[in-house]
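The values are calculated or read from the model by the stated rules, or taken from the named source; none is laboratory data. The model shown is predicted, which means the values in this text are computed figures rather than measured ones. Note that each Cβ is placed from the backbone with ideal geometry, even for glycine, and that neighbours are counted across all protein chains shown.
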Amino acid sequence: MDYKELADLIFPNAKEISYYEELYPERNLSEGAKVTRFAPSPTGFVHIGSLFVSLIDKKLAKQSNGTFLLRVEDTDQKREVEGGVQGILDALKDFGLQVDEGVVSEKEEIGKYGPYLQSKRKEIYQAYAKDLISKGLAYPCFCTAEEIEEKRLTQENAKIRPGYYGVWAKCRNLGIDNMVEKINNGEKYIIRLKSPGREDKKIKHHDLIRGNIEFPENDQDIVIIKADGLPTYHFAHAIDDHLMKVTHVIRGDEWISSVPLHIQLFQVLGFKPPKYAHIAPLMKEEDGGKRKISKRKDPEAAVSYYHKEGIPEDAVTEYLLNIANSNFEEWRRANPEKSTDEFELALNKMGVSGALFDIVKLLDVSKNVISKYSKEKIYEDSLKWAKAYDAELKTVLENDKDYAIRILGIERGIEKPRKDIAKLSDIKYSMEYMYDDIFDKQSNYEFQKVSDEKEIKQILEKYVENYFDISDDKQMWFDKMKDLAEELGYAREVKLFKKEPEQYKGHIGDISMVLRVVITKRQNTPDLYEIMQILGKEKVQKRINNYLNK
Ligand code: GLU
């Protein structure tokens, strides 16, 4: 028997690889166009780090008129979760990272280089595995799990490098006849690569982020096809990225140590390797040190978190670009109004060590992004969010749309808009006091400097008596507040008070605080004049009376 017959025995139905090589021709792309892919496993959890990588994938493809594709790596069926694919699709869609090609729904895909679900590519991997076997470059291995474990312990005890290689690769030298006999006897097996590498030799690799790296060659006879007939990640990655004509593999740097193996696989398979860029993980500050953002410990690790909290996707994108390329900040300063789509991302400007992902900074970015929204946009976005997460807010927004839009328009659409809203889940709190039914139920008034009840009542009475006129414009209102202050022995202006504090009971700010607390039960609100205008005469009057009569 020869290798070819062995290969036929193992994969009798597999096609010639020339069939697939012809089926997937070179892409017709312009010079320099990049083909990138996001290749997640459908584990039901999309990590913010994966979103970071996809954002980079998408940008590089788009900037170069290339293609960004989604391939789902579902060959590890133990890790698969129902709805996992949908979760990935939702995350990409939410962040505007629509793919040009690949999986687009649980059941559909687009593009000529599919299937894009690895579990549907079984026969393709087997064809290539068969080809390697027929050339003596891969072989069946009959070692049981117990044998492998035994080997591992022996190596560990003897302090020998672990793995299936060299003299430890027992089945490598079984001989074709023995292999055939075992197969015919029904023994279980997997397929291993017959690694041509030597540990004492070096390979050079150029990573687009980390630069030149030298590694020892791979000499491990790694598994390429598992007992269930599906490929391992390593084997599938090489075949898929080759057949899908991926030019740039951008992935987490936990894969960097696999580079020697991957390059070897490309060589053994006769493929041209893609370019690699290994992205350092997003980090979090903790106890003065840094650690990876963790799915277990940090809610912000889940992409779904941003959706649930109503942190706008454009804010997350903005922040991620900020930590991806240090020149982003400068670009943003020069182009405050431009869409992040226009920012040109460069891989060689990415840091080699893990960037700090600080949720507090992200929320600051988010406050800025939201501050630029029109009142209509923030209304629509809040409503959409509320429909998913907050029935009460939804009702409030829908019951009187115009009123809600007016509230949301307070200090918006101006040169210095309000910046107190970081997420749509803050909206409810920011509007509550504008609704009597909620306002009336709210607990007590908490005043600041002026807290004596008699004094407060006097301020209110005087205000209503001599100064309250809802039709006043802002300037007039403000002038009247000053007059009121003066009449009651407070300074008209803070600076007057600061000059001679002993001359006054307080200043204009203390007076407006009283009014603010009575009308909103809050010490911090946006512009009180605007609030009063929207509430209207009757509500303002009622709120003041409520206090006076309490
Ligand atoms: N399925 C692999 C992962 O989720 C893909 C890595 C890659 O991008 O090649 O880690």
- request: Please indicate, with yes or no, whether at least one residue in the stretch 114-127 is closer than 18 Å to D8 by Cβ and assigned to a strand (DSSP E or B).
  value: no
Selected residue (criterion: farthest from G197 (Cα to Cα)) from residues of the stretch 271-291 that are in contact with an Asp or Glu (Cβ under 9 Å, 6 or more places away or on another chain) and among the small types (G, A, S): A280
- line: If we keep only residues of the stretch 244-257 that are near the ligand (Cβ under 9 Å from one of its atoms) and touching a helix residue (DSSP H, G or I) at 6+ places or on another chain (Cβ under 7 Å), then the residue nearest to P281 (Cα to Cα) is G252
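Which of the residues that make up the stretch 468-481 are closer than 18 Å to G506 by Cβ and crowded, with 17+ Cβ neighbours inside 10 Å?
M481, the sole residue that qualifies.
Find the residue count for the stretch 199-224, including only residues that are more than 30 Å from L345 (Cβ to Cβ) and touching a His at 6+ places or on another chain (Cβ under 8 Å).
2
Among the residues of the stretch 350-365, write down those that are farther than 17 Å from Y429 by Cα and part of a helix (DSSP H, G or I).
First, pick out the residues of the stretch 350-365 that are farther than 17 Å from Y429 by Cα: 350-362, 364-365.
Residues satisfying the conditions are I359, V360, K361, L362, D364, V365.
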field: Counted residues, the stretch 33-45 - those being within 19 Å of V81 (Cα to Cα) and either without any contact (Cβ under 8 Å) to a residue 24 or more places away in the chain or more than 10 Å from the ligand (Cβ to nearest atom) (or both)
entry: 2
query: Any idea which residue in the stretch 71-88 is farthest from the ligand (Cβ to nearest atom), counting only those that are over 25 Å from H242 (Cβ atoms) and under 17 Å from the mean Cα position of the chain (by Cα)?
result: Q86
Qualifying position, being away from the ligand (no atom under 12 Å from the Cβ), within 19 Å of the chain's Cα centre (by Cα) and either crowded, with 21+ Cβ neighbours inside 10 Å or more than 24 Å from L282 (Cα to Cα) (or both), among K58, K93: K58
field: Residue list for the stretch 395-426, filter: within 19 Å of L528 (Cα to Cα), assigned to a helix (DSSP H, G or I) and among the basic types (K, R)
entry: R406
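To keep it simple, each residue is scored yes or no on (1) of a type outside the set (K, R); (2) over 25 Å from R406 (Cα atoms); (3) under 50 Å from the mean Cα position of the chain (by Cα).
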| site | (1), (2), (3) |
| --- | --- |
| M434 | yes, no, yes |
| E453 | yes, yes, no |
| I470 | yes, no, yes |
| F478 | yes, no, yes |
| M481 | yes, no, yes |
| E486 | yes, yes, no |
| R522 | no, no, yes |
| N546 | yes, no, yes |
query: If a residue has to be in a helix (DSSP H, G or I) and modelled with pLDDT of 95 or more to count, how many in the stretch 146-172 make the cut?
result: 16
query: Taking T317, is it within 16 Å of K62 (Cβ to Cβ), in contact (Cβ under 8 Å) with a residue 40 or more places away in the chain, buried (at least 19 other Cβ atoms within 10 Å of the Cβ) and not aromatic (F, W, Y)?
result: yes
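Can we say L535 is in contact with a helix residue (DSSP H, G or I) (Cβ under 8 Å, 6 or more places away or on another chain), assigned to a helix (DSSP H, G or I) and without any contact (Cβ under 8 Å) to a residue 60 or more places away in the chain?
Working: in contact with a helix residue (DSSP H, G or I) (Cβ under 8 Å, 6 or more places away or on another chain): yes; assigned to a helix (DSSP H, G or I): yes; without any contact (Cβ under 8 Å) to a residue 60 or more places away in the chain: no.
Judged against the criteria, L535 is not a match.
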Subset of the stretch 488-516 [under 19 Å from E411 (Cβ atoms) and among the aliphatic types (A, V, I, L, M)]: M513, L515
field: Where a residue in the stretch 337-359 is among the polar types (S, T, N, Q) and its partner, wherever it lies, is in a loop (DSSP other than H, G, I, E, B), with Cβ under 6 Å and at least six apart
entry: S353/A280
- prompt: Quick one: which of I470, I459 is farther than 28 Å from K372 by Cα, part of a loop (DSSP other than H, G, I, E, B) and modelled with pLDDT of 95 or more?
  reply: I470
field: Selected residue (criterion: nearest to T232 (Cα to Cα)) from residues of the stretch 46-71 that are touching a residue at least 40 places away in the same chain (Cβ under 8 Å) and assigned to a loop (DSSP other than H, G, I, E, B)
entry: R71
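Can F266 be described as within 14 Å of the ligand (Cβ to nearest atom) and modelled with pLDDT of 95 or more?
Taking the combined requirement at face value, the residue satisfies it.
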- prompt: Inside the stretch 269-291, can you point out the residues that are within 14 Å of the ligand (Cβ to nearest atom) and either polar (S, T, N, Q) or closer than 22 Å to E313 by Cα (or both)?
  reply: I279, P281
- prompt: Just wondering, is there one or more residues in the stretch 205-227 that are within 14 Å of the ligand (Cβ to nearest atom) and under 26 Å from A145 (Cβ atoms)?
  reply: no
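Taking A334 as the residue in question, decide whether it is modelled with pLDDT of 95 or more, in contact with a strand residue (DSSP E or B) (Cβ under 8 Å, 6 or more places away or on another chain) and over 17 Å from I209 (Cβ atoms).
Numbers: modelled with pLDDT of 95 or more: yes; in contact with a strand residue (DSSP E or B) (Cβ under 8 Å, 6 or more places away or on another chain): no; over 17 Å from I209 (Cβ atoms): yes.
When the stated conditions are applied, A334 does not pass them.
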- prompt: Only one of K423, K384, K372 is surrounded by fewer than 18 Cβ atoms within 10 Å (Cβ to Cβ) and either under 30 Å from E254 (Cα atoms) or in contact (Cβ under 8 Å) with a residue 40 or more places away in the chain (or both); which?
  reply: K372
